[in-house]
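Colleague: Sharing a structure, written as structure tokens. Questions coming.
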2 protein chains.
Amino acid sequence: MNGHASQNNRSGSPSAPSPGSSWRVVPTRTIAVGDTEFAYRSYGHPGGVPVVFLHHLAANLDNWDPRVIDGIAAGHHVIAFDNRGVGASGGTTPDTIEAMAADAIAFIDAMGLTEVDLLGFSMGGFIAQVVVAERPELIRRVILAGTGPAGGAGIDKVTRVSYSDSIKAALTGKDPKQNLFFTRSANGKSQAKAFITRLKERTENRDKAVTVTTFRTQLRAIHKWGTQPPADLGTITHPVLVANGEDDRMVPTSNSHDLVERLPNATLRIYQDAGHGGIFQEHRQLVATAVEFLDS
Amino acid sequence: MNGHASQNNRSGSPSAPSPGSSWRVVPTRTIAVGDTEFAYRSYGHPGGVPVVFLHHLAANLDNWDPRVIDGIAAGHHVIAFDNRGVGASGGTTPDTIEAMAADAIAFIDAMGLTEVDLLGFSMGGFIAQVVVAERPELIRRVILAGTGPAGGAGIDKVTRVSYSDSIKAALTGKDPKQNLFFTRSANGKSQAKAFITRLKERTENRDKAVTVTTFRTQLRAIHKWGTQPPADLGTITHPVLVANGEDDRMVPTSNSHDLVERLPNATLRIYQDAGHGGIFQEHRQLVATAVEFLDS
């Protein structure tokens, strides 16, 4: 795969990493996926198997923690994209995780990639599970963070919690991620502020905000995922790293334990005094663990 | 009334204005209204008929534009309060405008006031209409801003617009009032920023944020107001000043025209390139007009 990626880089192929090593400045590019232009950013260490990042509910490209994505990009080719209907990508967001996974596969194919690693956070982790089940040969390794299996405990409550916390955020002038992603301890509050500040490090060429329509459609997809019958995860024999905070209000942490019990080749990392955004809060540990996992 | 208010001032009665002339620093006090402590701020020019401010959906004391309230307090005794269940006030927010009006009357009575002027903005304007109809002898003059009559056109859509814009604000990291209160013109956007900055001028001893439960209950009350049969406004013979922006997305401006047609003694002021927050945007004009109206 190294040869393929290097060749892409030399030939200016769509997947080739943009020069520069910082998420703060990596340019946003677009690629036609069928009739639809998808926005993406490709950067980091050229060669090797690219790591494709799959984003969370309400997220656009600017929602990736610079410490996490730069940390992995230091030694890996990293590609993040806005799925259909999200941020600067065209099209209409579909209302099922399965259709979002089909769009993610179409993007990876359009990029000319034949083997990738996945890092899926929250809703992105739902999508990653479907991608790897649908196209096992396309995927080498998977990182599932702050996420859970289809039908997982409490995922049907994401809609209520997301709406309620978004209204609360509007009433208090705060970012909803403060309460949705972090614990209410003094450490959690301080970590939330640091994370939200990091998300603003990129000041130029920021992505378009997710629309209310896309947000609502994503919530419908998440609700269906949370209420549908469990999938057979035993068929996914890929190495999987599962990570989360110990106190996740959105996708309860029991789902992470459930995933490692049911995935044949999975490892678990749980962070103390951390919530849904545990991998962002504990970015140093996460990056070290992820790099070791991807390189092993 | 001057003598009465002066006496209150000398005796340290609950209604007496706190020393100092700036909304930025006026202390928040509490008074028992029945079994419930209501939070309020009383300041401004001692003597005369006090002007009682009635707040909008989702608002606490800190949502009054310092320019508007200081502008009126320069020559008038001004009292603003959090109604039941709002901000720092105790109790549970009722789900009808009529019950909110009963609470407002109970507050005015508890303050020992026997004649007041009212300034009601948006939901506060709904409440003001009920207060003046229920207790006409208690009220001298009324300012109705960004508001409309029971059953008024489009008021039933406040719930949808408020939820949608609150979610949008959470997704974009903006204050929902930017789109709810101002036009989308360059001037409107600039005025929105200036207003939102003014609301942060008070940095110490700020009020408690409105809870999600209170917000939802207020929306139910507003929805009922918007769908109930029209009241006979012909019985309200008090002088009334009606003011709004020309392009109000929340309580459509046609409601202001409707009010002045049906109130026997009403005057209208409509501000150009302004929305629901027209009286805040055009605070210089509003204060000049309001002071002239209150003193006439």
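The values are calculated or read from the model by the stated rules, or taken from the named source; none is laboratory data. Remember, predicted model here, so these are calculated numbers, not experimental data. When we count neighbours, we look across all protein chains shown, and the Cβ atoms used for this are built from the backbone with ideal geometry, even at glycine. These area figures cover heavy atoms from the full protein model, side chains too; ligands, DNA and RNA do not enter into them. Shrake-Rupley method; radii C 1.70, N 1.55, O 1.52, S 1.80 Å.
Colleague: Quick check on this structure: which one of B:HIS238, B:HIS276 is in contact (Cβ under 8 Å) with a residue 40 or more places away in the chain, more than 30 Å from A:PRO176 (Cα to Cα) and in contact with a Leu (Cβ under 9 Å, 6 or more places away or on another chain)?
Modeller: The unique qualifying residue is B:HIS238.
Colleague: Then there's this: Kindly list, by first and then second residue, each pair from a residue in region A:191-206 that is more than 19 Å from A:LYS174 (Cα to Cα) to a residue that is among the basic types (Lys, Arg), limited to pairs with Cβ atoms under 6 Å and residues at least 6 apart or on different chains.
Modeller: Within 6 Å, the pairs are A:ARG202/A:ARG24.
Colleague: So A:ALA74 ticks every box in (1) open to solvent by 10 Å² or more (accessible area, probe 1.4 Å); (2) among the aliphatic types (A, V, I, L, M); (3) closer than 18 Å to A:ALA243 by Cβ but one. Which box is left unticked?
Modeller: That leaves (3) as the condition not met.
Colleague: May I pose another question? Are any residues in region B:38-61 open to solvent by less than 10 Å² (accessible area, probe 1.4 Å), of a type outside the set (S, T, N, Q) and not in a loop (DSSP other than H, G, I, E, B), and if so, which ones?
Modeller: Result: B:PHE38, B:ALA39, B:TYR40, B:ARG41, B:TYR43, B:VAL51, B:VAL52, B:PHE53, B:LEU54, B:LEU61.
Colleague: Where in region A:168-285 are the helices (runs of 4 or more DSSP H), entirely inside, with at least 2 residues that are within 14 Å of chain B (Cβ to nearest Cβ) and open to solvent by 10 Å² or more (accessible area, probe 1.4 Å)?
Modeller: Of the helices (runs of 4 or more DSSP H) lying wholly inside region A:168-285, those with at least 2 residues that are within 14 Å of chain B (Cβ to nearest Cβ) and open to solvent by 10 Å² or more (accessible area, probe 1.4 Å) span A:177-181, A:186-198, A:212-227.
The rows are residues; the columns are (1) at pLDDT 95 or above; (2) over 26 Å from A:ARG160 (Cβ atoms).
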position	(1), (2)
A:ASP175	no, no
A:GLY188	yes, no
A:LEU199	yes, no
A:ARG202	yes, yes
A:PHE215	yes, no
A:LYS224	yes, no
A:THR253	yes, no
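Colleague: Every residue in region A:117-135 that is hydrophobic (A, V, I, L, M, F, W, C) and within 24 Å of A:ALA58 (Cβ to Cβ), please.
Modeller: A:LEU118, A:LEU119, A:PHE121, A:MET123, A:PHE126, A:ILE127, A:ALA128, A:VAL130, A:VAL131, A:VAL132
Colleague: Give just the number: which of (1) open to solvent by 30 Å² or more (accessible area, probe 1.4 Å); (2) assigned to a helix (DSSP H, G or I); (3) more than 26 Å from A:GLU137 (Cβ to Cβ) does A:VAL68 not satisfy?
Modeller: If we test A:VAL68 against (1) open to solvent by 30 Å² or more (accessible area, probe 1.4 Å); (2) assigned to a helix (DSSP H, G or I); (3) more than 26 Å from A:GLU137 (Cβ to Cβ), just (1) comes out false.
Colleague: While we're here: Could you give every pair whose Cβ atoms fall below 6 Å, whose first residue belongs to region B:120-135 and is closer than 10 Å to B:MET100 by Cα, and whose second residue is of a type in the set (Asp, Glu) and open to solvent by 10 Å² or more (accessible area, probe 1.4 Å), counting only separations of at least 6 or pairs across chains?
Modeller: B:VAL130/B:GLU98
Colleague: If I ask for residues that are surrounded by 23 or more Cβ atoms within 10 Å (Cβ to Cβ) and under 13 Å from B:THR28 (Cβ atoms), which ones from region B:80-89 would you list?
Modeller: B:ALA80, B:PHE81, B:ASP82, B:VAL86, B:GLY87, B:SER89, listed by residue number.
Colleague: From A:ALA102, A:ALA128, A:ALA150, grab the single residue that is modelled with pLDDT of 95 or more and either within 14 Å of chain B (Cβ to nearest Cβ) or open to solvent by 10 Å² or more (accessible area, probe 1.4 Å) (or both).
Modeller: On inspection, the qualifying residue turns out to be A:ALA102.
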